[in-house]
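Handing you this structure, nothing more for now.
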Amino acid sequence: MWNTYIRVKSADDAAARVREAGGRVLSEPFDVFDAGRMGVFTDPEGAVFCVWQPGSHLGSAAVNEHGAVNFNNLHTDDVEAARAFYGAVFGWTTIEAGSPMWALPGYGDYLEELNPGLRAGMKQMGAPEGFENVVATILPRQGGPARWSVTFAVDDVDAIAARARELGGSVLAEPQNAPWVRFAVLADPAGASFTASQFVAENR
């Protein structure tokens, strides 16, 4: 499986908040040389996630471009319980954008500094109010346990699905349209699943 890492100021403080909110600590925070400090937890439904307190390694240097992560997704059938837990641990709220999405108040300000004009571009495309603060999505479980999954941005999802088959992987869900994107669910030869997502503004 792919792991989801959430950046925090203190992995130890995050562990304490996880316990207080009803989650479990699977691995107490530990140092990864000088790169950072991490811990492994579950929410009350059992969905596993990690936290990362940066040292010399801050996190992903590339996102939202072909071949890079562009979303992490919580699969749950108890959105209200998830709201309570992740709100208590990370201060997340939710916005409605066809389906509920996790938002971190003020995150859009950080993104605007990195990419001036981001808010204006989102507004021009017709993105939902507050979308610049989105940090992850919430999806129904559709079988299997509650879990986190990862989505990679691609330029051509149909070509990527075909390539996955050629390389010995499998296509768990054929390429299909959804709001803003065309996506497919793939698995590598070992069975680790992930979503490949192509941004398609016309699908808004």
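The values are calculated or read from the model by the stated rules, or taken from the named source; none is laboratory data. Keep in mind that what you see is a predicted model, and the values were worked out from it rather than measured. Reconstructed Cβ throughout: ideal geometry from the backbone, glycine too, with neighbour counts over all protein chains shown.
So which of Pro100, Pro145 ends up being farther than 22 Å from Ala62 by Cβ and touching a Gly at 6+ places or on another chain (Cβ under 6 Å)? Break it down stepwise before answering.
Numbers: Pro100 fails: touching a Gly at 6+ places or on another chain (Cβ under 6 Å).
The unique qualifying residue is Pro145.
Right, something else. Does region 97-106 hold any residues that are modelled with pLDDT under 90 and surrounded by fewer than 16 Cβ atoms within 10 Å (Cβ to Cβ), and which are they?
Once the filter is applied, which keeps residues that are modelled with pLDDT under 90 and surrounded by fewer than 16 Cβ atoms within 10 Å (Cβ to Cβ), region 97-106 yields Gly98, Ser99.
Could I ask something else about it? When region 61-78 is examined, which residues are found to be loosely packed, with under 13 Cβ neighbours inside 10 Å and under 26 Å from Asp31 (Cα atoms)?
Those that are loosely packed, with under 13 Cβ neighbours inside 10 Å and under 26 Å from Asp31 (Cα atoms): Ala61, Ala62, Val63.
Also: Can you name every residue in region 79-92 that is free of Cβ contacts under 8 Å to residues at least 40 places away in the same chain, surrounded by 15 or more Cβ atoms within 10 Å (Cβ to Cβ) and either in contact with a strand residue (DSSP E or B) (Cβ under 9 Å, 6 or more places away or on another chain) or under 26 Å from Val181 (Cα atoms) (or both)?
Step one: of region 79-92, the residues free of Cβ contacts under 8 Å to residues at least 40 places away in the same chain are 80-81, 83, 87, 91.
With surrounded by 15 or more Cβ atoms within 10 Å (Cβ to Cβ) added as a condition, the list becomes 81, 83.
Across region 79-92, the qualifying residue is only Arg83.
Is it the case that some residue within region 36-55 is loosely packed, with under 13 Cβ neighbours inside 10 Å and touching a strand residue (DSSP E or B) at 6+ places or on another chain (Cβ under 6 Å)? Let's see the steps before the verdict.
So in region 36-55, the residues loosely packed, with under 13 Cβ neighbours inside 10 Å come out as 46.
Still in the running and touching a strand residue (DSSP E or B) at 6+ places or on another chain (Cβ under 6 Å): none.
Scanning region 36-55, I find no residue that is loosely packed, with under 13 Cβ neighbours inside 10 Å and touching a strand residue (DSSP E or B) at 6+ places or on another chain (Cβ under 6 Å), so the answer is no.
I'd like to know if region 110-124 contains one or more residues that are touching a residue at least 24 places away in the same chain (Cβ under 8 Å), of a type outside the set (Asp, Glu) and loosely packed, with under 14 Cβ neighbours inside 10 Å.
First, pick out the residues of region 110-124 that are touching a residue at least 24 places away in the same chain (Cβ under 8 Å): none.
For region 110-124, residues touching a residue at least 24 places away in the same chain (Cβ under 8 Å), of a type outside the set (Asp, Glu) and loosely packed, with under 14 Cβ neighbours inside 10 Å: absent.
For region 35-55, name all the residues that are out of contact with any Pro (no Cβ under 7 Å at 6 or more places or on another chain) and farther than 20 Å from Asn73 by Cα. Can you show your working first?
Narrowing region 35-55 to residues out of contact with any Pro (no Cβ under 7 Å at 6 or more places or on another chain): 35, 40-45, 47-55.
Those that are out of contact with any Pro (no Cβ under 7 Å at 6 or more places or on another chain) and farther than 20 Å from Asn73 by Cα: Ala35, Gln53, Pro54, Gly55.
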